[in-house]
1. May I ask you to evaluate 6.51 cos²θ - 1.76 cosθ + 1.60, the Karplus curve with θ = phi - 60°, for each residue of the stretch 80-85 and list the ³J(HN,Hα) values in order in whole Hz, giving x for glycine and proline?
2. Would you mind calculating the gained length between residue 92 and residue 144 on full extension (0.36 nm times residue separation, minus the Cα-Cα distance), in nm to one decimal?
3. Go ahead and set up a Gaussian network model of the chain, Cα springs under 10 Å, then flag whichever of 84, 204, 110 fluctuates most.
4. Given points 7 Å out from each Cα along the Cα-Cβ axis, report the residue 152 to residue 122 separation in nanometres with one decimal.
5. Between residue 114 and residue 170, how many nm apart are label points set 7 Å from Cα along the C-beta direction?
6. What list of ³J(HN,Hα) couplings, whole Hz, do you get for the stretch 179-193 from phi and the Karplus terms 6.51, -1.76, 1.60, once you set θ to phi - 60° and write x for glycine and proline?
7. Take the residue pairs 152/214; 95/118; 155/214 and return only those whose Cα atoms are more than 28 Å apart.
8. By the scheme Lys and Arg +1, Asp and Glu -1, what is the net charge of all other residues having a beta-carbon under 14 Å from that of residue 168?
Amino acid sequence: MSATASLRLPPLPTVRDLVRLYRLRAIKQLSQNFLMDERITDKIVKTAGYLRNHYVCEVGPGPGGITRSIINRKPKKLIVVEKDNRFLPTLELLKESSAGHVDVEIEIGDILTYNFEKGFNEIPKHNWYEAPPPLHIIGNLPFSVSTYLIVKWLKEISLKTSAWAYGRTSMTLTFQKEVAERIVAAVADKQRCRLSLMCQTWCDVEHKFTIPGKAFVPKPDVDVGL
Ligand SMILES: C[S@@+](CC[C@H](N)C(=O)[O-])C[C@H]1O[C@@H](n2cnc3c(N)ncnc32)[C@H](O)[C@@H]1O
């Protein structure tokens, strides 16, 4: 396909397809709550800022709702890291439809051990105090790993390694709403805790908006903060 042809992505699987293909009831342990509303996935991706010709890592793409919104913003390269290989066929389809427009790489594996310096080795390293590098991490994180993952990433930020070897790489992430509130809680706020201190020591944090639990399939018991 030539670079000027228009980008036509296949439709997202329907909720019915998801239930049939991925046995929704059986996969709670991987925190699989999917966003199937394009307006919400577009809003999440818009929050990440300018992506055209930039590099993006998406954590836990699942059936690819957020992935489609990212691809539509035409980054130079998108690496999706997904632990559950049942999503491979759906993600392969998205990769094929994006060929010639966006370089999509699918990594079936655990984000906790993902090597950013290998995946994004073509990005030039930026001085920490200069403008941030053209690399963004975006994810509707699995609740089962989100706090552990953020603490691991904070350590990497402090050491300027992994995704932060390139400079001040931005993250646009979802958390259980209460966790998002704790991350941004100011001094004297009743939600202020160790997590607030750790996150605010190493990052500029913002709670951009809340996504109601009912926007997810299946619906989690909690709302979600971005
Ligand atoms: C909350 S779902 C979000 C799916 C999709 N991004 C969406 O918004 O519809 C979390 C996704 O992360 C995946 N996942 C869970 N643990 C993971 C891990 N350690 N590394 C990579 N992906 C993981 C799950 O399989 C699932 O697809």
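The values are calculated or read from the model by the stated rules, or taken from the named source; none is laboratory data. Just so we're clear, the structure is a prediction, and the values are computed from it rather than from any experiment. Because the Cβ atoms are built from the backbone with ideal geometry, glycine has one as well, and the counts that use them run over all protein chains shown. What goes into the accessible areas is simple: the full protein's heavy atoms, side chains included, and nothing from ligands, DNA or RNA. Shrake-Rupley method; radii C 1.70, N 1.55, O 1.52, S 1.80 Å.
1. Karplus values, whole Hz, x for Gly and Pro: 9, 10, 10, 7, 9, 6.
2. Extending this stretch completely gives an extra 16.2 nm.
3. Looking only at 84, 204, 110, the biggest GNM fluctuation is shown by 204.
4. 2.6 nm
5. 1.8 nm
6. My calculation for the stretch 179-193 gives 5, 4, 5, 5, 4, 9, 4, 7, 3, 6, 6, 5, 8, 4, 8 Hz in order.
7. In this structure, 152/214; 155/214 exceed 28 Å between Cα atoms.
8. -1
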